[in-house]
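Asker: Structure provided below as structure tokens; questions to follow.
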Amino acid sequence: MQDTTYTDPRESEMASRAYLQQLKATFEQLPNEIPLYLFTAKGDEDVFTHANREVIRAFRELSSKITLREYNLDHELATEWNVTHSPTLLIAPERYSIQWLGAPMGEEARTFLEILILVGLGKSQLSEQSLKMIKRIDSARQIKIFVSPTCPYCPQQAINAVKTAIEMPETVSLEIIDIQSEPELANQYSAQSVPQAFANDILIGQGAQPEEVFILSLEKLEAQTIFIPESDAELIETDLLIVGGGPAGLTAGIYSVRSGLRTAIVERDALGGQVATTPIVENYPGFTSVGGKSLVDIMVSHALQYVQIFQGEAVVDIQTGPPFMVKTNRRQFQTKTILLATGASHRHLNIPGESRLAGRGVSYCSTCDGPLFKGKKVVMVGGGNSAVTEALHLFHMGINVTLTHRRDKLRAQEFLAKQLVDNNIPVLWDTEVKEIRGEERVEEILLLNNKSDETMEFKTDGVFIAIGYTPALELAQKIGLGINADGYIKQDGKHRTTVPGVYSAGDVEGGYKQIVTASGQGAEAAMTIFEDLINPYWLDGQAKVASISDDL
């Protein structure tokens with residue numbers, strides 16, 4: 001099977017034109033007008049005001065249903081609609097209470113597009129489960145969602161809130177707050193990592209949540225971690241269900257469908273996994289240098305040509321088979337095989353202050369949270385490729401960054417280590433962070449020199465942690481898969497786990513934590529699954545083999 005990686009520029013241009021035509025057709029079919037109101041301070045011509053005008057102009061070229069009126073903050077409408085910040089964009093304020101403090105730039109352009117479509121439809125498009133829960137909310141909810149243009153997880157959480165504001169316009173008001181445009185407001189709420197969701201000034205969510213989990217958190221006015229469906233959801237039958245939408249899962253989806261397998265991918269968070277928050281990728285074949293999110297977009301676009309992807313769906317239960325019954329927060333899957341490509345999550349230091357100040361100066365994503373620290377002082381903890389890459393990324397944002405590493409030599413590639421020297425980024429060698437201190441946000445850290453045993457206090461505005469990853473094993477443990485001595489899923493070299501019909505690929509298996517490695521493992525696993533469904537190693541008797549083969 002041949003890989004095709006070259007794209008003719010003319011084909012890309014044609015695809016862009018086709019996409020614009022599709023958008024125009026979509027807007028023309030919307031039943032409602034989409035009035036926009038932009039409020040600015042007199043003489044305020046900052047980058048956010050300019051960006052609002054540019055973005056809105058681009059969308060207005062797609063449809064006459066989108067209109068814009070601009071007023072100063074001293075206008076009577078600003079008082080009527082309680083607008084106090086410049087710039088603030090209001091979307092259909094006669095019908096909904098949706099304010100955008102800042103501008104829909106970068107990743108948030110996707111949020112803005114979806115808002116326009118939802119407002120034009122006049123429908124929230126909430127899932128059946130969410131609609132059941134939201135009807136239980138009987139008092140006002142003032143929602144604040146803190147976002148950043150560089151955060152790939154923010155659109156999902158912002159749209160969760162927008163849907164509630166559209167579904168319950170008399171009860172729910174919403175402010176989408178750009179932390180770069182409103183750093184003082186972000187500091188007031190200690191929202192130093194994004195996305196963060198507040199309702200009635202109570203923190204109800206850090207990070208992107210599945211829609212149903214967000215609605216449940218909004219109802220309870222308390223952060224929830226899991227939603228269990230109240231009734232049986234739609235049933236989908238597949239040959240292969242892939243859990244995880246990172247490089248391994250996306251590649252496996254492409255290869256399995258091309259092999260003739262009915263396949264679906266479920267991903268509870270943002271597609272792309274860790275790659276989506278990697279500032280720059282410089283070692284992926286075919287790209288000298290590419291933004292992690294750009295690479296993810298290319299992968300997702302390719303995968304969508306083959307496989308159905310269910311984003312924002314968390315697996316809540318698995319009944320072993322085959323066939324397996326897999327329940328997510330929205331539906332059920334009956335599948336012959338499962339591929340766990342659940343990846344890994346950021347490893348924590350597990351020191352005092354880390355969890356308490358998470359999102360308040362403690363961060364695991366420079367791409368998401370770095371912009372808020374421009375002109376400030378931060379510490380990057382770690383010595384591998386990720387830590388050095390993110391330290392360089394912060395430095396180029398205009399942040400005073402110091403790297404701390406517990407050893408006397410970096411584990412990062414020489415090419416990256418040299419860039420630290422070239423940019424005069426200081427490194428504290430043989431140094432461990434033992435405590436993170438601060439009342440409302442990070443103020444200082446306690447450092448230990450592990451050679452001299454001396455401790456010192458180090459003033460800092462933020463702590464970015466990049467010390468590796470912990471494999472996401474919750475589902476593996478639920479199924480009862482074997483775990484190897486290194487703490488990863490045990491597999492036979494062909495991605496077969498200890499439970500027949502269940503396979504693994506990517507970072508959850510351990511080994512090299514590289515994008516290209518995960519993609520290769522996804523392709524290998526898909527081909528193994530195809531071969532095993534033709535000749536199932538877990539069944540005895542040719543009659544049974546023939547019956548499954550006939551189904552393919």
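Laboratory data are not the source of any read-out in this text; all were calculated from the coordinates shown. As the structure is a computational prediction, the values presented were derived from the model and not from experiment. Every residue, glycine among them, receives a Cβ derived from its backbone with ideal geometry; neighbour counts consider all protein chains shown.
Asker: Is the shape of region 267-357 rounded, prolate or oblate, going by the alpha carbon gyration tensor and its root eigenvalues a ≥ b ≥ c, with a/c under 1.5 for rounded and a/b larger than b/c for prolate?
Answerer: oblate
Asker: So who's got an amide H within less than 5 Å of the one on V316, skipping anything under 5 residues away but keeping other chains? H placed 1.01 Å off N, in plane.
Answerer: K327, T328, N329
Asker: Report the net charge of residues surrounding Y503, where surrounding means a beta-carbon distance below 14 angstrom and charges are Lys +1, Arg +1, Asp -1, Glu -1.
Answerer: With Lys, Arg at +1 and Asp, Glu at -1, the neighbours total -2.
Asker: Of the peptides 424-434, 381-391, 19-29, 139-149, how do they stack up when ordered by the mean number of other Cβ atoms within 10 Å, highest first?
Answerer: 381-391, 139-149, 424-434, 19-29
Asker: Hey, can you grab everything whose amide H is under 5 Å from the amide H of E354? Only 5+ residues off in sequence or another chain; H modelled, so Pro and N-termini drop out.
Answerer: When sequence neighbours closer than 5 places are left aside, the close amide H contacts are I436.
Asker: How big is the Kirkwood radius of region 362-467, worked out from every pair of different alpha carbons and given in Å to one decimal?
Answerer: After inverting the mean inverse Cα-Cα distance, the result is 13.6 Å.
Asker: Kindly provide the helix-only [θ] at 222 nm of the chain, computed as the sum of -39,500 (n - 2.57) over DSSP H runs of four or more divided by all residues, to the nearest 500 deg cm²/dmol?
Answerer: Taken over the chain, the calculation gives -9500 deg cm²/dmol.
Asker: Kindly flag which residue pairs out of K434/K494; K42/K377; K327/K513 have an alpha-carbon separation exceeding 31 Å in this structure.
Answerer: K434/K494; K42/K377
Asker: Moving on. List the lysines whose alpha-carbon lies under 18 Å from that of K163, not counting same-chain residues fewer than 8 positions away?
Answerer: Excluding near neighbours in sequence, the set is K123, K132, K135, K144, K220.
Asker: Near L448, within a Cβ-to-Cβ distance under 13 Å, what is the net charge of the other residues, with Lys and Arg +1 and Asp and Glu -1?
Answerer: Net charge in that neighbourhood comes out at -3.
Asker: Would you mind checking the radius of gyration and Dmax of region 9-220 based on alpha-carbon positions, in Å?
Answerer: 16.9, 54
Asker: For region 138-223, just list the percent of Cα-Cα distances falling in each 5 Å bin from zero outward, please.
Answerer: Percent of Cα pairs in each bin: 3, 17, 30, 27, 16, 7, 1, 0.
Asker: So what's the net charge close to V55: Lys and Arg +1, Asp and Glu -1, counting the other residues with Cβ under 14 Å from its Cβ?
Answerer: Counting the neighbours of V55, the net charge comes to -3.
Asker: May I ask for the Kirkwood hydrodynamic radius of the chain, worked out over all distinct Cα pairs and given in angstroms to one decimal? Don't skip to the answer; put the middle values down first.
Answerer: Values: mean 1/r = 0.0398 Å⁻¹.
Evaluated on the chain, it is 25.1 Å.
Asker: Across region 169-177, in residue order, what do the Karplus-derived ³J(HN,Hα) couplings come to in whole Hz, using 6.51 cos²θ - 1.76 cosθ + 1.60 with θ = phi - 60° and x for Gly and Pro?
Answerer: Using θ = phi - 60°, the values come out as x, 7, 10, 10, 10, 9, 10, 9, 10 Hz.
Asker: So, with +1 on the Cβ of K and R and -1 on the Cβ of D and E, and no other charges, what is the size of the charge dipole of region 397-449 about its Cα centre, to the nearest 20 debye?
Answerer: The calculated dipole for region 397-449 is roughly 280 debye.
Asker: Ok, one more. Classify region 27-92: rounded, prolate or oblate, from the alpha-carbon gyration tensor (a ≥ b ≥ c, eigenvalue square roots; a/c under 1.5 rounded; otherwise prolate if a/b is larger than b/c)?
Answerer: Oblate, because a/c is 1.5 or more while a/b does not exceed b/c.
Asker: Counting alpha carbon pairs within less than 8 Å and at least 6 residues apart, what relative contact order, in whole percent, applies to the chain?
Answerer: Computed value for the chain: 11 percent relative contact order.
Asker: Which of the aspartates and glutamates could a cross-linker bridge to K293, judged by Cα under 12 Å and excluding same-chain residues fewer than eight apart?
Answerer: Straight-distance partners of K293: E107.
Asker: If contacts are Cα pairs under 8 angstrom and at least 6 residues apart, what is the relative contact order of region 362-467 in percent? Before the final figure, lay out the partial values.
Answerer: On the way: 224 pairs, mean separation 34.2, N = 106.
Rounded, it is 32 percent for region 362-467.
Asker: Work out from phi, with θ = phi - 60° and the Karplus expression 6.51 cos²θ - 1.76 cosθ + 1.60, the ³J(HN,Hα) of each residue of region 154-164, listed in order in whole Hz, and give x for Gly and Pro.
Answerer: Each residue of region 154-164 in turn: 5, x, 4, 6, 4, 5, 3, 5, 4, 4, 5 Hz.
Asker: Skipping prolines and chain starts, which residues have an amide H placed within reach, meaning under 5 Å, of the one on E70, given they are 5 or more residues away or on another chain?
Answerer: Excluding prolines and chain starts, which carry no amide H, the hits are L38.
Asker: Leaving out same-chain residues fewer than 8 places away, which lysines sit with a Cα under 16 Å from that of K490?
Answerer: Leaving aside lysines fewer than 8 places away in the same chain, those within reach of K490 are K478.
Asker: Further question on the same structure: With θ set to phi - 60°, apply the Karplus curve 6.51 cos²θ - 1.76 cosθ + 1.60 along region 31-39 and write out the HN-Hα couplings as whole Hz, x wherever there is a Gly or Pro.
Answerer: Calculated HN-Hα couplings, in order: x, 10, 5, 10, x, 10, 10, 10, 10 Hz.
Asker: On to the next question. For region 88-174, with the dipole built from +1 on Lys and Arg beta-carbon atoms and -1 on Asp and Glu ones, taken about the Cα centre, which of A165, L131, W100 lies farthest toward the positive end?
Answerer: Farthest towards the positive pole: L131.
Asker: Given a cut-off of under 8 Å on Cα pairs at least six residues apart, what relative contact order in percent is computed for region 183-272? Don't skip to the answer; put the middle values down first.
Answerer: On the way: 99 pairs, mean separation 19.0, N = 90.
It comes to 21 percent, rounded to a whole number.
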